[in-house]
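Step one of this worksheet: look at the structure below.
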Amino acid sequence: MLSSSSLRAQFIITLALTFLVMLIVLGGVFYQLMMPGLVREEQQHARLHISNIQRAVEQQIEKLSSMTHQWASWDSTHDFMLGEQADYPRTHITRRIFESDGISLLLLTDATDGVSWVAAIDPLSGRLTSCPEATGRCAWMRPLVRALQRSLPHTTPAGSPGHNRMLAVPDFTLASSWPITRDDGTGPMAGHLTLARHLPSIWSLGSIDGMPVVLTLRAVRDPAARPERTRQSSYIEKLDEDSLLLSMSRPTSNPDHRLLLQTRLPRDRFRAGLEDYYRVMLGVFGLLLVTLIIALCLFHRLVLQPIVSLSRYAKRLRHNSESLEMPPSWLQARQDELGLMAREFQHLITDLDERNTHLEALVELDALTGLGNRRLLDRRLPQILSLTHRLDRPVALIMIDVDHFKAFNDYYGHPEGDECLKILAATLSDIFQRDSDLIARIGGEEFVVVLPDFDVDEARNIASGVRTAIEAQCIEHARSPTSHYVTISAGVAVSHPHHPLAAAALLKQADLALYRIKRDGRNSVGYCDDGEPSASTEDESLSDG
C-alpha cells in the first residue's frame, strides 16, 4: 500500500486532481464559448417573435381603423350627424354588423365631442343597446364612453387621419376614431365616429411563426406615462428552464397607465443547441483523459519535483518571515521557467526588504509637512539624549506653537491653515540643516526641534531667529491680537550631561516655558530649567488677546 506522503502517491493524487480540474476548466471554457452564442441566438429568435407579435397587433389596429374610416365616410352617417336620416340607428346600427365585424361599441360625437349616439352589446343580456346618450338603459356604457371622449384629439383639421389607440381602463379596449365627412370630402366635418373592440385579458392572436400565440393583458401604472407618448418597449425574461416570458409594453390613452402584453415562448432551439454541446463535451473529455495521462508522466519528472522544492521553500519562508532567506541555489541556476521563478523569488524578497524599510520611514513622517511626527520624536529623542550625554555635551529642545492658529483657521479656512503650516515647516527645514538635528510636528500647530550640542544661550538665540524668520514671511493674520502677521511662541529647555533629563521631563520643561510665554503675551521665546521660566529679553512681549 502506498503511503499518502510518498512521491508516487502524490503523483497519482496530482494526476486525478489535475484531470478533475482540467475537466472543470474545459467545461467552463466550452460553456463560456458556446453558451453566449446559444443565448444570443435565442434572444434574436425571441426579438423576432416579439416583432411579429407587434406586427399582428398593428394589423388588428389597422383593420379596425379601416372599418372605422369606411363607416365615418358614409354620406348617411354625415347626414345623420347633421339632423337628417332619423332612421339611421335602426338601419345602420345592427347586431349583425357588430357581431360580423367584432365591434363592442360604437360612439358618435359631435364637433364639440359631445355624445350624439352610442351603441353596444350588453355583456349581461347579450342584446344590442342603442341610445342617443350614455344614460338610462345605456348608463352601463358611461365609463368607457367617457374614456373614449377624453382620448379624442383636441383639434381635427380637415383631411386629418384617424386616431387609433388602446385603453387599459376601465377595460382593455382597442379603439379607432375618424372625423365624419362625406365620401367625396365636401361639406363640414360633422364630428367623430369611434369604433371600439373589447380585448379579453387572455387574447388569442392565432398562429405566429408556426406556433399559437396567446397574450396576457395587464394594466400597469406608470406615473411618467402620458397619452401622447407612443414609445413602445419590450423585454425578455427567463421564466423557467423550458420557456421565456416575452413582455411588450404599449402606451394607452389613459393617463398614468400602460398596457403590458405578455406571452410564453418555448425554449426548443436552446435545448437542442445544449444537447449538441453535451455531445461535443463527452468526446473532448475522452481525448483529454488520454492526453493528460501522457502529459502528467512527463510533468512528474520535469516539473513536479522542482515544484515540491519550491513549495517547501515557500513554507519555510512563511513560518520564518522575519528572516527572508533566498531560494535554493540549484533552483536559481536552472535556465527554464522554474529557474526564472526562483530568481523572481529572490528579487521579490529583495523588494520586500526595501519596501519594509520605506514603510517604516513613512510611519514616522507627518503627511502634511513631510517632517517627523510624534512617533519619530518618541523614538529618536531618548537616543539623542543618551548619545550626546555620553559625549558630555548638552541637548536643547525648542517647542514651537503658532499664535492664535485656531482664529487663523476659522477666518481663512483649513486649506490656508495647511499652507501656513507648510511654510513654517519649510522655514524650519531651511534653518536646521544638520544631520543630527531633529524636527517634528507633534500636534496641529505644534513643532519640536531637538538640537544636540546646543547650550541655553545658543538655543535661545536660534529660537529667536526662528521667531523672526516666521514673522518675516508676512503671512497675513487679520484675526491675531498679537500682530498683523502670523507669529510663533517658543519654549526652550536644555538637558545637561551633569544634570540629564529624561525625554518626557525635557518635553515637559519646554512645554511649561511655552505655556508661560503664551500666558504673558506670545510672539516671544521663553526658557525653562528647574527654576522659574523666563522670557527672552530680545523679544517684545505682547498682550494676550
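Hey, any hits in region 54-65 for a residue that's polar (S, T, N, Q), touching a Leu at 6+ places or on another chain (Cβ under 8 Å) and surrounded by 15 or more Cβ atoms within 10 Å (Cβ to Cβ)? Within region 54-65, one or more residues are polar (S, T, N, Q), touching a Leu at 6+ places or on another chain (Cβ under 8 Å) and surrounded by 15 or more Cβ atoms within 10 Å (Cβ to Cβ). Taken over region 526-542, residues that are buried (at least 22 other Cβ atoms within 10 Å of the Cβ) and either among the small types (Gly, Ala, Ser) or modelled with pLDDT of 95 or more (or both) amount to 1. Taking Arg96 as the residue in question, decide whether it is within 17 Å of Trp71 (Cα to Cα) and either exposed (fewer than 13 other Cβ atoms within 10 Å of the Cβ) or acidic (Asp, Glu) (or both). Spelling it out, Arg96 is indeed within 17 Å of Trp71 (Cα to Cα) and either exposed (fewer than 13 other Cβ atoms within 10 Å of the Cβ) or acidic (Asp, Glu) (or both). In region 187-200, the condition of being over 41 Å from the mean Cα position of the chain (by Cα), modelled with pLDDT under 90, farther than 20 Å from Leu148 by Cα and in a loop (DSSP other than H, G, I, E, B) is met by at least one residue.
Across region 38-75, the number of residues qualifying as without any contact (Cβ under 8 Å) to a residue 24 or more places away in the chain and within 33 Å of the chain's Cα centre (by Cα) comes to 2. Within the option set Glu344, Glu360, being surrounded by fewer than 16 Cβ atoms within 10 Å (Cβ to Cβ), over 30 Å from Leu507 (Cβ atoms) and without any contact (Cβ under 8 Å) to a residue 40 or more places away in the chain holds for one residue only, Glu344. Do you know which residues across region 362-383 are among the hydrophobic types (A, V, I, L, M, F, W, C), out of contact with any helix residue (DSSP H, G or I) (no Cβ under 9 Å at 6 or more places or on another chain) and in a helix (DSSP H, G or I)? Once the filter is applied, which keeps residues that are among the hydrophobic types (A, V, I, L, M, F, W, C), out of contact with any helix residue (DSSP H, G or I) (no Cβ under 9 Å at 6 or more places or on another chain) and in a helix (DSSP H, G or I), region 362-383 yields only Leu362. Anything in region 71-126 that is of a type in the set (Phe, Trp, Tyr) and either in contact with a Gly (Cβ under 8 Å, 6 or more places away or on another chain) or more than 23 Å from Leu167 (Cβ to Cβ) (or both)? List them, or say none. Once the filter is applied, which keeps residues that are of a type in the set (Phe, Trp, Tyr) and either in contact with a Gly (Cβ under 8 Å, 6 or more places away or on another chain) or more than 23 Å from Leu167 (Cβ to Cβ) (or both), region 71-126 yields Trp74, Phe80, Tyr88.
No other residue among Val402, Val456 is of a type in the set (A, V, I, L, M) and surrounded by 20 or more Cβ atoms within 10 Å (Cβ to Cβ) apart from Val402. Please verify whether Asp418 is out of contact with any strand residue (DSSP E or B) (no Cβ under 8 Å at 6 or more places or on another chain), acidic (Asp, Glu) and either free of Cβ contacts under 8 Å to residues at least 40 places away in the same chain or more than 24 Å from Arg516 (Cα to Cα) (or both), treating the condition exactly as stated. Yes. Determine, yes or no, whether Asp122 is under 19 Å from Phe172 (Cα atoms), in contact with a helix residue (DSSP H, G or I) (Cβ under 8 Å, 6 or more places away or on another chain) and of a type in the set (Asp, Glu). So Asp122 fits the description; yes. Does Gly444 qualify as being of a type in the set (Gly, Ala, Ser) and either out of contact with any helix residue (DSSP H, G or I) (no Cβ under 9 Å at 6 or more places or on another chain) or free of Cβ contacts under 8 Å to residues at least 12 places away in the same chain (or both)? The answer is no for Gly444. With respect to being touching a Phe, Trp or Tyr at 6+ places or on another chain (Cβ under 6 Å) and under 23 Å from Gly162 (Cα atoms), Thr68 fits the description.
The values are calculated or read from the model by the stated rules, or taken from the named source; none is laboratory data. Values in this document were obtained by computation on a predicted structure and should not be read as measured data. For neighbour counting, all protein chains shown are included, and Cβ atoms are generated from backbone atoms with ideal geometry for every residue, glycine included.
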